[in-house]
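Encoded as structure tokens, the structure appears first; notes follow it.
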Amino acid sequence: MRPAPLVPAVPAATADGTPYSPLYDDIYHSAHGGLAQARHVFLGGNDLPARWIGAERFAILETGFGLGLNFLATWQAWRESRARGRLHFVSVEKHPFRRDDLAALLAPYPELELLASQLLSQWPPLTPGFHRLHFDEGRVTLSLLFGDAQALLPQLSARIDAIFLDGFVPARNPELWSSALLAAVTRLCHSGSTLATWSVAGEVRHALESTGWKLERCPGYATKREMLVGRLEHAVSPAPILESSPHTAQRRAMVIGAGLAGTAISERLAARGWQVELLERHAQPAQEASGNPSGILLPHLAKDDALAARLSRAGYLYALRRLHGLAAVRWSPCGVLQVARDRDHEDLQRRTVAELELPAEFAAFLERDAATDLVGRDVAHGGWWFPGGGWVSPGSLCNALLAAGREHIRARFETEVAALRQTATGWQAFDAGGTLLAEAPHVVLANTHAANRLLARALPLTPIRGQISYLPEPWREAVSALNHVVCRSGYITPPQAGTVCVGASFDSDDTDLTPRPADHAGNLQRLDELLPGAARGIDPALLEGRVGLRSAAPDRLPLIGTLPDMNAVPESSATLEKLLRLPGLHALLGLSARGMVWAPLAAELLASQLDGEPLPIERDLVRAVDPARFHLRALRRGKESL
């Protein structure tokens, strides 16, 4: 089902200046002070910061982000307590504020100015779904769930230590206090989890007690006489969180392949304190598909907002936040124009933006004249405009990721892994001569289609040959005024990227790395479709370029997670959660032509799975990229044929 478009909160205030919601006819916090209320009710009610001192990780779930005061107060307390672990704060919000409105609402809190400015700098466009933000060099993570809590909380995979129940009063916002929703919250908790809320309403108490919470009334904040705190003494088995493997105390991993996928997962594990050995057959990173001078960064849109579109949107926005936070990456958020193929496609693009009600800072539709004015030369049709998209130098990104994780990553180049062997304690990697190269409890395959050479049973990955062309002088002069990426079936990067790239071919099951004049001709045709006349007079036989190999799964979605044990006998009612896995053997593969969009979020997902943290995307998206999905489908087809 397509997520409903977000309805932003409208800033308003009562006569005494207390922030107020016209949607719910209720105030956001006590008239006696929102920050003091956050500290008394939610921090004090959950015995924080005492409970997180010494914890390796601590996860909090909040119902109702509102102004963000609970998060900011928690982050401030985390800093002041000098906690050594990692804080995960997960908050669901049906009606988030726009960035400028939130900034105005937080301005009266000067003591939060430093933290609030960092929050606002990463505040996402108001699009539905999960948004993951990192602060304090990754030690503090905020996961914002934008949308209806009743739909999103069952999609959350997490093990929660403390609950902040902070919706509007039950009489005004009953959905956020319903028995079903409180049961969904409880399923994310473990024995010993705590909760706190200012509400002492009878229906809230009864719903919580029926799911196993032991409740206690405590003095409330300011003029409110009482509040509730609770402790879950005997949790039922939590909902499965699709962890890739049991958490290992050693926290060591081998990563095979130093392209975008391999460097991204190495950095994400290193950020969590893992020791990573990165093995790459070339002399330096980003030498295969990730070696192109520039790649483009834009999301995929679909009118039905299906799984691939939702995953692409989450990956695109996460990638933008990571790029803004990494030093020494050559890139530009110059904007991307995706030109429609024809009038029918133009109409589909127009209706897609209108029906999804996307914010203009994320995506807009430009009519042909507006698109022509933007680009500075004629385009055949209007198209989607992504103002935050742009071009990225993949090699510089790979190097920046390795630099960010340098204290925990040992990169070994000119080291080709020819075989893997499972042991009682993990995995060993060998070269072609049988020499042991490395061993670790975990190994991540991030070497595209070459991964199948290391597996007893191949994954359904198809190699895809892609050839790009470099636009030479004097024809670069024809696009010298181009300031944005323009794409359709092909793409062109602006001169500011250093090398004007035109591409790319897309040939399945083709591993020939020799450049072909015919493919240069194809790229010139794609250029002419984008910018009529721009390819005139260019001889394809004289062009230079580059060939890279990507890999793709049959459904064009990546493979992220622990590989299945295909030799194990499955249960009669097999599901992804019940399938047996190969302990410690993980995949980050099949990124196809969308590595720039998918790699950062894919790495964050896999690292979160390995470290037992809240997952950064919805449960159905996790299932959609699970590498065991093809094995499960084969099992089901086999049963149907009996």
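State whether one or more residues within segment 181-191 are closer than 25 Å to R225 by Cα, out of contact with any Asp or Glu (no Cβ under 9 Å at 6 or more places or on another chain) and in the same structural domain as P125 (by TED's automatic domain parsing).
Restricting attention to segment 181-191, the residues satisfying the condition of being closer than 25 Å to R225 by Cα are 182.
When the remaining residues are screened for being out of contact with any Asp or Glu (no Cβ under 9 Å at 6 or more places or on another chain), the result is 182.
Then drop every residue that is not in the same structural domain as P125 (by TED's automatic domain parsing), which leaves 182.
Within segment 181-191 (the criterion being closer than 25 Å to R225 by Cα, out of contact with any Asp or Glu (no Cβ under 9 Å at 6 or more places or on another chain) and in the same structural domain as P125 (by TED's automatic domain parsing)), the answer is yes, since at least one residue qualifies.
Out of all the residues in segment 476-494, which are touching a helix residue (DSSP H, G or I) at 6+ places or on another chain (Cβ under 8 Å) and buried (at least 16 other Cβ atoms within 10 Å of the Cβ)? I'd like the intermediate steps shown before the answer.
In the first step, residues of segment 476-494 are kept if they are touching a helix residue (DSSP H, G or I) at 6+ places or on another chain (Cβ under 8 Å); the result is 476, 479-480, 482-484, 486-492, 494.
Result: V479, L482, H484, V486, C487, R488, G490, Y491, I492, P494.
Take the residues of segment 594-626 that are touching a strand residue (DSSP E or B) at 6+ places or on another chain (Cβ under 6 Å), within 28 Å of R465 (Cα to Cα) and among the hydrophobic types (A, V, I, L, M, F, W, C): which is modelled with the lowest pLDDT?
M596
So which residues in segment 83-139 are among the hydroxyl-bearing types (S, T, Y) and more than 24 Å from E267 (Cβ to Cβ), if there are any at all? First the steps, then the outcome.
In the first step, residues of segment 83-139 are kept if they are among the hydroxyl-bearing types (S, T, Y); the result is 91, 109, 117, 121, 127.
Across segment 83-139, the qualifying residues are S91, Y109, S117, T127.
In the list R457, R476, which residue meets the criterion of being out of contact with any Leu (no Cβ under 7 Å at 6 or more places or on another chain) and not assigned by TED's automatic domain parsing to the domain that holds G382? Talk me through it step by step, then tell me what you get.
Working: R476 fails: not assigned by TED's automatic domain parsing to the domain that holds G382.
The conditions single out R457.
For segment 546-595, give me the residue count where each residue is within 21 Å of D512 (Cα to Cα), of a type in the set (G, A, S) and out of contact with any helix residue (DSSP H, G or I) (no Cβ under 7 Å at 6 or more places or on another chain).
Within segment 546-595, residues that are within 21 Å of D512 (Cα to Cα), of a type in the set (G, A, S) and out of contact with any helix residue (DSSP H, G or I) (no Cβ under 7 Å at 6 or more places or on another chain) number 4.
Does segment 15-25 contain at least one residue that is in the same structural domain as I163 (by TED's automatic domain parsing), buried (at least 18 other Cβ atoms within 10 Å of the Cβ) and of a type in the set (A, V, I, L, M)?
Scanning segment 15-25, I find no residue that is in the same structural domain as I163 (by TED's automatic domain parsing), buried (at least 18 other Cβ atoms within 10 Å of the Cβ) and of a type in the set (A, V, I, L, M), so the answer is no.
Can you pull out the strands (runs of 3 or more DSSP E) entirely within segment 431-478 that have at least 2 residues that are farther than 22 Å from A504 by Cβ and touching a residue at least 60 places away in the same chain (Cβ under 8 Å)? Before you say what the answer is, go through the steps one by one.
On the way: elements: 436-440, 442-445, 462-470.
Once the strands (runs of 3 or more DSSP E) in segment 431-478 are filtered for at least 2 residues that are farther than 22 Å from A504 by Cβ and touching a residue at least 60 places away in the same chain (Cβ under 8 Å), what remains is 436-440, 442-445.
Any residue in segment 537-560 that is β-branched (V, I, T), within 22 Å of G638 (Cβ to Cβ) and outside the structural domain of D373 (by TED's automatic domain parsing)?
First pass over segment 537-560, keeping only residues β-branched (V, I, T): 538, 547, 560.
Add one more test, that the residue is within 22 Å of G638 (Cβ to Cβ), and what stays is none.
No, segment 537-560 contains no residue that is β-branched (V, I, T), within 22 Å of G638 (Cβ to Cβ) and outside the structural domain of D373 (by TED's automatic domain parsing).
Strands (runs of 3 or more DSSP E) wholly in segment 241-338 with at least 3 residues that are touching a residue at least 40 places away in the same chain (Cβ under 8 Å) and under 21 Å from the mean Cα position of the chain (by Cα) - which ones?
Numbers: elements: 252-256, 275-279, 295-297.
Because the criterion is at least 3 residues that are touching a residue at least 40 places away in the same chain (Cβ under 8 Å) and under 21 Å from the mean Cα position of the chain (by Cα), the strands (runs of 3 or more DSSP E) in segment 241-338 that meet it are 295-297.
From the set of residues in segment 73-108 that are of a type in the set (G, A, S) and in contact (Cβ under 8 Å) with a residue 24 or more places away in the chain, which is surrounded by the most Cβ atoms within 10 Å (Cβ to Cβ)?
Narrowing segment 73-108 to residues of a type in the set (G, A, S): 73, 77, 81, 83, 85, 91, 103-104, 107.
Remaining after also requiring in contact (Cβ under 8 Å) with a residue 24 or more places away in the chain: 73, 77, 81, 83, 85, 91, 104.
Values: A73: 24, A77: 17, S81: 13, A83: 19, G85: 15, S91: 22, A104: 12.
Restricting to residues being of a type in the set (G, A, S) and in contact (Cβ under 8 Å) with a residue 24 or more places away in the chain, the top hit is A73.
Residues to consider are Q428, Q422; find the one that is under 14 Å from A253 (Cα atoms) and either among the hydroxyl-bearing types (S, T, Y) or touching a residue at least 40 places away in the same chain (Cβ under 8 Å) (or both).
Numbers: Q428 fails: either among the hydroxyl-bearing types (S, T, Y) or touching a residue at least 40 places away in the same chain (Cβ under 8 Å) (or both).
Of the residues listed, the single one that is under 14 Å from A253 (Cα atoms) and either among the hydroxyl-bearing types (S, T, Y) or touching a residue at least 40 places away in the same chain (Cβ under 8 Å) (or both) is Q422.
Of the residues V229, V236, which single one is closer than 22 Å to Y28 by Cα and either touching a Gly at 6+ places or on another chain (Cβ under 8 Å) or not assigned by TED's automatic domain parsing to the domain that holds A31 (or both)? Steps first, answer last, please.
Numbers: V236 fails: closer than 22 Å to Y28 by Cα.
After applying the criteria, what remains is V229.
Being in contact (Cβ under 8 Å) with a residue 40 or more places away in the chain, more than 30 Å from V622 (Cβ to Cβ) and in a loop (DSSP other than H, G, I, E, B) is the filter here, so list the residues in segment 339-359 that pass it.
Correct list: A340, R341.
Tell me the strands (runs of 3 or more DSSP E) entirely within segment 1-94 that contain at least 3 residues that are touching a helix residue (DSSP H, G or I) at 6+ places or on another chain (Cβ under 9 Å) and at negative phi. Steps first, please.
Values: elements: 19-21, 57-63, 86-93.
Qualifying strands (runs of 3 or more DSSP E): 57-63, 86-93.
Would you check which residues across segment 431-449 are modelled with pLDDT of 95 or more, crowded, with 17+ Cβ neighbours inside 10 Å and not polar (S, T, N, Q) and list them? Talk me through it step by step, then tell me what you get.
Step one: of segment 431-449, the residues modelled with pLDDT of 95 or more are 431-447.
When the remaining residues are screened for being crowded, with 17+ Cβ neighbours inside 10 Å, the result is 437-447.
The answer is L437, A438, E439, A440, P441, H442, V443, V444, L445, A446.
As an exercise: evaluate G376 against (1) closer than 18 Å to P494 by Cα; (2) within 20 Å of the chain's Cα centre (by Cα); (3) of a type outside the set (V, I, T) and give the number of the one condition it does not meet.
Every condition holds for G376 apart from (2).
What about S573, is it of a type in the set (S, T, N, Q) and either modelled with pLDDT of 95 or more or touching a strand residue (DSSP E or B) at 6+ places or on another chain (Cβ under 9 Å) (or both)? It would help to see each step written out before you state the result.
Details: of a type in the set (S, T, N, Q): yes; either modelled with pLDDT of 95 or more or touching a strand residue (DSSP E or B) at 6+ places or on another chain (Cβ under 9 Å) (or both): no.
In short, no.
Could you say whether any residue in segment 384-393 is within 30 Å of the chain's Cα centre (by Cα), without any contact (Cβ under 8 Å) to a residue 60 or more places away in the chain and not in a strand (DSSP E or B)? Spell out how you get there, then give the answer.
Step one: list which residues in segment 384-393 are within 30 Å of the chain's Cα centre (by Cα), which gives 384-393.
This time we only want the ones that are without any contact (Cβ under 8 Å) to a residue 60 or more places away in the chain, so: 385, 387.
Now restrict to residues that are not in a strand (DSSP E or B): 387.
Among the residues of segment 384-393, at least one is within 30 Å of the chain's Cα centre (by Cα), without any contact (Cβ under 8 Å) to a residue 60 or more places away in the chain and not in a strand (DSSP E or B), which makes the answer yes.
Since P515 meets every condition but one in (1) within 31 Å of the chain's Cα centre (by Cα); (2) not in a strand (DSSP E or B), which condition does it not meet?
Among (1) within 31 Å of the chain's Cα centre (by Cα); (2) not in a strand (DSSP E or B), the lone unmet condition for P515 is (1).
Kindly indicate whether any position in segment 275-296 is at pLDDT 95 or above and of a type in the set (D, E).
For segment 275-296, residues at pLDDT 95 or above and of a type in the set (D, E): present.
Tally the residues that are part of a loop (DSSP other than H, G, I, E, B) and farther than 20 Å from W384 by Cβ, restricting the search to segment 479-505.
Selection size over segment 479-505: 6.
How about segment 293-312: which of its residues are touching a strand residue (DSSP E or B) at 6+ places or on another chain (Cβ under 9 Å) and either surrounded by fewer than 24 Cβ atoms within 10 Å (Cβ to Cβ) or of a type in the set (A, V, I, L, M) (or both)? Working first, answer last.
If we filter segment 293-312 for residues that are touching a strand residue (DSSP E or B) at 6+ places or on another chain (Cβ under 9 Å), which is where we start, we get 293-299, 301, 310.
Residues satisfying the conditions are P293, I296, L297, L298, L301.
The values are calculated or read from the model by the stated rules, or taken from the named source; none is laboratory data. All of these numbers come straight from a predicted model, not from anything done at the bench. Using ideal geometry, Cβ is built from the backbone for each residue, glycine included, and neighbour counts are taken over all protein chains shown.
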